[in-house]
Amino acid sequence: MRFGVVRFPGSNCEQDVVHAVEHLGHDAGYIWHGDTDISGYDAIVLPGGFSYGDYIRCGAVARFSPVMAEVIRFAEAGGPVIGICNGFQILTEAHLLPGALLRNVGLKFICRTVSLRVEESACEWLDLPAGTVVRIPINHNEGNYICDPDTLERLRAGGQIVLRYCEPDGSRTEGGSAPNGALDDIAGICNERGNVFGLMPHPERVVDPVSGGTDGAAFFAAIAKRAVEVAS
Amino acid sequence: MTLETLSTELAPKLAVELGLKLDEYEKVVTILGRVPSVTELYMYSLMWSEHCSYKHSRKALRMFPTSGEAVLQGPGENAGVIRVGDGWAVAFKMESHNHPSAIEPYQGAATGVGGIIRDIFTMGARPIASLNSLRFGTLDKPRQRYLFEGAVAGIGGYGNCLGVPTVGGEVYFEEAYEGNCLINAMSIGLMREENLTRAVGSGPGNLVLLIGSTTGRDGIGGASTLASQEFDEKAEDKRPSVQVGDPFEEKLLIEACLELLDESLLVALGDCGAAGLTSSISEMASRGGVGVDIDAAAVPQREDAMKAFEIMVSESQERMVAVVTPEKLEAAMAICDKWGLRSTVIGTITDTERFVVRMGEEVVADMPAATLAHDAPLYDPAMERPAYLDELQAFDPMTLEHPETREALSAMLLDLLASPNICSRHWIWEQYDHQVMVNTVVVPGCDAAVLRVGDTGRGEVSGRGIAVSSDCNGRYCYLDPYAGAQIAFAEAARNVACSGGRAAAITDCLNFGNPEKPEVYWTFHESVRGLSDACTAFGVPVISGNVSFYNESFGSPIYPTPTVGLVGLLDHVEQHCTMAFKRDGDAVVLLGRTRNELGGSEYLKVAHGMVAGRPPKVDLVDERLLDELLVTAIRTGIVRSAHDCSEGGLAVALAECCIAGGRGATIDPPGGLPGVAALFSESQGRVVVTVAADHFDALKTLAATHATPCVKIGMVGGDRLRMGGLADVSLDEMRAAYEPTLERLVHGAETLQSEELGEG
């Protein structure tokens, strides 16, 4: 099992993802954004950061990187693709996932550990039981998920909402539990097929007890485990 | 073609306009043996500005101890470097960006971060953490809210994009900083010892390679017109002198430069900071004892018709200067190209020891290279103890009326917790990515940040750690600069010790008013003397630093603010400590002695609106013993929490431990003192620790061997902080006072502004 972590100019969480994957006992390698050959990888990760400085719009330039055509082909063939934070933004810009990520509702960057509820979903990436609450940091300026009403209906009906922001006990408040104002408290979604998964939180930051705690370890391990199953 | 010099009438006038004094101009003429050209005059005026030459401070700075067993590189390079064990080393430095930020807070703060980070990776280190030390006026003023919000956004905007975590810092709001905010940025980098790189140009025939951004007219004269003069009503006109940052370009520079160094493709590397190409190239040349021949026309320009002098002194950001051998040029440029960075040969190293600048064929400057960096005149400014000190120091806070009842003292505790100088800083640090690189072990909000020594980018993670803190209470320094500087050091060391770190070395950022005023210079000299004595007493060297003078506006200086950035070491990073109360039933222990010391305290300011009296006494021998005791007690696992007493005294320290741990405590406060002093005295050398009840004796024994007073004062538990007849407040009340202050001040202010607009 080998994870390929794409390195765009301006990515800055790629080394943390590789560290997390290796910490969990899997192989990982970097894929340069200019590469057009991604064979040899069983799963692709688009990491967090500020690809191309997030100039114009988050992910708007990165989607034109040469490697993205290959990533799209890989995803269309059913290969597991996950986008974390900036990676999620790139996936929406590349139309591998619906909707968009706007500026946080408070117009401030937010770096904070939040509660997330795992939803019943079609996501092939996660084998945690629905209702599980995990504590994982978010770290973004543009995490305010939005889509049109029809798309939202489709996401709900198709089990494409994978993660929602919630209160520590798993409930959701009426005014919304998303610190960034995301529609329907959406923190992570997948495509219809379930093999492409985008999320704003950073599970790779909480797999090591020394730094940040272990709450994300189970989460990331579940991702890794499913990726192995899907890939094989 | 001969060099075109200025006319003898014009040259001295231009020199003065550029910030040189007439006798300094004469010295330039003597060095050159003729009248300078316009390019030469610009270059000298920048390099001999206070900001670049330290001409008013250099002699005083010789007091600092700068050597030590762990020191790999002391002051004089882009940053200092110490060994941390197992072949690892850390580079660190703090620097001010006060004046640009006072004009344009977002870009001023952002480029401050960018500049100090370049100093770090120039040394061959990967930047792994940033801290900042900020001072503003009070937030009831709209301009101060604008500066505060803008500076925080700028620090976050730049650091977050780079993927370097911002892990700590400090902020105070005082009237004294209203016309001149302070933005001090500290960066820490990690390297293997063998990767240490110095900015020493050598090898005649080698090439000078400019990497990164194009050069424009931004920041021209920033070091001389902004950083080395007082502010007046024309400050707004200086906005064009503020540089604009591009963190994406800097991120690429970090990766490219570290790759170039890893591949051993460079002879030397330097960054373009203040005074741009002039300073980086002249410093490299003078360190290496060589000359350089630069073609300014070869420098990629982003504006039309730039003159040679503009190109040579532009402070356009995100540029690096490297020296490469001709054989390795192609490989070096290929790496720059891979990262999408422009790289251009702009000159060669020569054996003439002269700094020659051409514009194509035309020679526009020809100077002895070392004179730019080293021959600035050094001054011994006049000193005079300020007249205000006697009156202020003679003030006795006990002559005031103080709250005495439990109700009044409890209310005062809540007022202090809500004070902008004490309240939670989460509104600030949640705007900073403080976790990227996954080495942050203790996040902001505790006494010190703790980081694992590791570079996940290289797949190398060790079990070692560093603890970092930056500190300075400007009020204490105003009331007694010698003691105040020592307290700044002692508090930084105590914060690091509370986290389990042994103080290893410091950097400093010395922020003062106009050194040409004898009273200001006296406060500077006293602060340097105090800091030197503290360092010597602890055996801790100063390995880098920065002096920022002329922090005045409309003729009145800021509080003397010698900020200390201290790095401590942990052999095993998991053996660290935080301030949160951990378990009900644990004994609460006070290490150190409480005296009636309310001079310069936050209580005096909040309750009486006064900054007066003598700051608390500091005993460096006691402080060092206390720190050693803490490090041992934390390493051996005796203590479960540790938090030092600083602004707001024992009561605020206890409240912070309660809030962080979500638990109350029942405390028997120190006796023999008036209630306000027992609760809010800011006596130094005190730390609140908790131990499992059956570990108290072990702590007591350890404390006795460190000659440190150790008294059990209570027990953790419940949901209230009860301090006998002096205070009784609930966790919810404390949280409500402590947590939302900054957000309320900034957000409430926005509401107010829109109301004002509505009425208008």
| remark: Rounded to whole Å², per residue accessible area for the range A:2-231 with a 1.4 Å probe reads 36 Å²
| So if we plug the beta-carbon distance of A:R154 and A:E174 into 1/(1 + (r/R0)^6) with R0 = 22 Å, what FRET efficiency do we get, rounded to 0.05? | 0.35
| field | Rounded to whole Hz, the Karplus (6.51, -1.76, 1.60) HN-Hα couplings of the range B:413-430, x for glycine and proline | value | 4, 5, 4, 5, 4, 8, 5, x, 7, 10, 3, 4, 9, 4, 4, 6, 7, 6
| Formal net charge of residues neighbouring B:G585 (Cβ-Cβ distance under 14 Å; K, R +1; D, E -1) | +2
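Taking a probe of 1.4 Å and counting only protein heavy atoms, give the total accessible area buried between chains B and A in Å², rounded to the nearest 100. Display every interim value, and only then the final one.
Details: alone 25810 and 9590 Å², together 32960 Å².
Roughly 2400 Å² of accessible surface disappears when B and A pair.
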| note | The long-range amide H neighbours of A:Q160, using H built 1.01 Å from N in the peptide plane and a cut-off of under 5 Å, are A:A122
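Give the carbon-plus-sulfur fraction of the accessible surface of the range A:121-232 in %, rounded to a whole number; probe 1.4 Å, heavy atoms of protein chains only.
49 percent
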| message | Could you work out the pair-distance distribution P(r) of the protein assembly as shown from its alpha-carbon pairs, with 20 angstrom bin width and percents rounded to whole numbers? | response | 14, 44, 34, 8, 0
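Sorting A:Y145, B:Y738 by accessible area (1.4 Å probe), largest first, what list results?
Greatest to least solvent exposure: B:Y738, A:Y145.
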| How much solvent-accessible surface does B:E4 expose, in Å² to the nearest 10, with a 1.4 Å probe and all protein chains in place? | 130 Å²
| How much accessible surface does A:I186 have with a 1.4 Å probe, in Å² rounded to 10? | 0 Å²
| request: State the percentage of accessible surface on the range B:484-615 attributable to carbon and sulfur atoms; use a 1.4 Å probe and exclude ligands, DNA and RNA. | output: 47 percent
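Defining a contact as two alpha carbons under 8 Å apart and six or more residues distant in sequence, what relative contact order in percent does the range A:2-231 show? The partial results should precede the final answer.
Details: 556 pairs, mean separation 46.9, N = 230.
It rounds to 20 percent for the range A:2-231.
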| remark: Expressed as a whole number, the average count of other chain Cβ atoms within 10 Å around the Cβ atoms of A:110-117 is 3
| remark: With x for Gly and Pro, the residue-by-residue ³J(HN,Hα) of the range B:524-539, computed from phi through the Karplus equation 6.51 cos²θ - 1.76 cosθ + 1.60 at θ = phi - 60° and given in whole Hz, is 5, 4, 5, 5, 5, 5, x, 5, 4, 5, 5, 4, 5, 4, 8, x
| message | Which lysines, if any, have their Cα less than 18 Å from the Cα of B:K582, not counting same-chain residues under 8 positions apart? | response | B:K712
| task | Any chance you could check the Cα centroid distance between the range A:142-221 and the range B:665-680 for me, in angstrom? | result | 48 Å
| message | Can you sort B:V711, B:V611 by solvent-accessible area, 1.4 Å probe, largest first? | response | B:V711, B:V611
| said: For a quick check of understanding: with a 1.4 angstrom probe and all protein chains in place, what accessible area in square angstrom does A:R112 have, to the nearest ten? | reply: 90 Å²
| said: Checking the table B:K307/B:K338; B:K55/B:K517; B:K141/B:K251; B:K27/B:K59; B:K21/B:K93 against a 24 Å threshold on Cα-Cα, which pairs fail? | reply: B:K307/B:K338; B:K141/B:K251; B:K21/B:K93
| For chain B, convex hull volume per residue from C-alpha positions, Å³ | 153 Å³
| remark: Along the dipole axis of the range B:604-760 (charges at Cβ: +1 for Lys and Arg, -1 for Asp and Glu; origin at the Cα centre), the most positive-end residue among B:V691, B:A642, B:V606 is B:V691
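Would you mind putting B:58-64, A:149-155, B:548-554, B:467-473 in packing order, based on average other-beta-carbon counts within 10 Å, highest first?
B:467-473, B:548-554, B:58-64, A:149-155
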| Average projected area of the Cα convex hull of the range B:613-740, in nm²? | 8.5 nm²
| request: Take B:Y172, B:Y106, B:Y388 and sort them by solvent-accessible surface of the protein heavy atoms, 1.4 Å probe, largest at the top. | output: B:Y106, B:Y388, B:Y172
| note | At R0 = 41 Å the Cβ-Cβ FRET efficiency linking B:E384 and B:T138, nearest 0.05, sits at 0.85
| task | Using amide H atoms built 1.01 Å from N in the peptide plane, name the residues 5+ places from B:E170, or on other chains, whose amide H lies under 5 Å from its own. | result | B:N132, B:S133, B:L134
| said: Taking beta carbons within 10 Å but only from partner chains, what does the mean come to for residues A:12-20? | reply: 6
| query | In peptide B:160-170, how many Cβ atoms from other protein chains are near each Cβ within 10 Å, on average? | reply | 3
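The values are calculated or read from the model by the stated rules, or taken from the named source; none is laboratory data. In this text, all values refer to a predicted model and were calculated from it rather than measured experimentally. Note: ideal-geometry Cβ built from the backbone for every residue, glycine included; neighbour counts use all protein chains shown. Just the protein is used for accessible areas: all its heavy atoms, side chains included, with ligands, DNA and RNA removed. Shrake-Rupley method; radii C 1.70, N 1.55, O 1.52, S 1.80 Å.
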